[in-house]
Amino acid sequence: MEGLVTALAHARPAWKSRSSAVVETAKHLFDEVVHFLKKGGLWWGLAISVGAAVLTLALATVVVVGWPADRFKGEGPTNVGRDRHVVIRAIAIVAKNLAGAVLVLLGLIMAIPGVPGQGLLTALIGLTLLSFPGKRRLERRFVRIPALLGAINRLRARFARPPLEID
């Protein structure tokens, strides 16, 4: 037992040093970004921001137009990929969930007033990629927001797609 306590006592400083290294790296990165913006990188920042807004709009359009009209009807998971090897399926599930989490976070950031991009729509797309209990119910609740459903159906109509059917 004494050996375990000694090992834990020595492990704590190593954890602290790793944590402080991460904090120092984040501070250094932040300082570099501030320095870049002060040197005239503001225009690059603006270009990246506008580019990201255009890219999210294009991605959102492709995904939303590609959804079948009954995407938010029915219960349970789909049978997509069930015939694949278990390792490939596991990698695909992890990648899909990681992409979904990133899109939800980006969507929530873009939903803040003043941040360019399709915030709620990007978050909804990310939500559809995630796998967790109660996801379908949350998706339906999200897509029932009148402004979001109206925007989605107007976008689908522009590409001659039928409006989404909601339970």
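In table form, for the structure just shown:
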| item | result |
| --- | --- |
| Residue count for the range 144-167, restricted to those that are surrounded by 12 or more Cβ atoms within 10 Å (Cβ to Cβ), of a type outside the set (Gly, Ala, Ser) and touching a residue at least 12 places away in the same chain (Cβ under 8 Å) | 11 |
| Single match in Arg154, Arg161 (criterion: out of contact with any Leu (no Cβ under 7 Å at 6 or more places or on another chain), basic (Lys, Arg) and part of a helix (DSSP H, G or I)) | Arg154 |
| Unmet criterion (only one of (1) of a type outside the set (Asp, Glu); (2) modelled with pLDDT of 80 or more; (3) out of contact with any Gly (no Cβ under 6 Å at 6 or more places or on another chain)) for Leu129 | (3) |
| Selection count where residues are surrounded by 13 or more Cβ atoms within 10 Å (Cβ to Cβ) and in contact (Cβ under 8 Å) with a residue 12 or more places away in the chain, scope the range 84-101 | 5 |
| Complete set of residues in the range 88-145 that are touching a helix residue (DSSP H, G or I) at 6+ places or on another chain (Cβ under 9 Å), under 19 Å from Phe72 (Cα atoms) and not in a helix (DSSP H, G or I) | Leu130, Ser131, Phe132, Ile145 |
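The values are calculated or read from the model by the stated rules, or taken from the named source; none is laboratory data. Remember, it's a predicted structure, so these values are computed and weren't measured experimentally. Quick reminder, even Gly has a Cβ in these numbers, built from the backbone with ideal geometry, and neighbours come from all protein chains shown.
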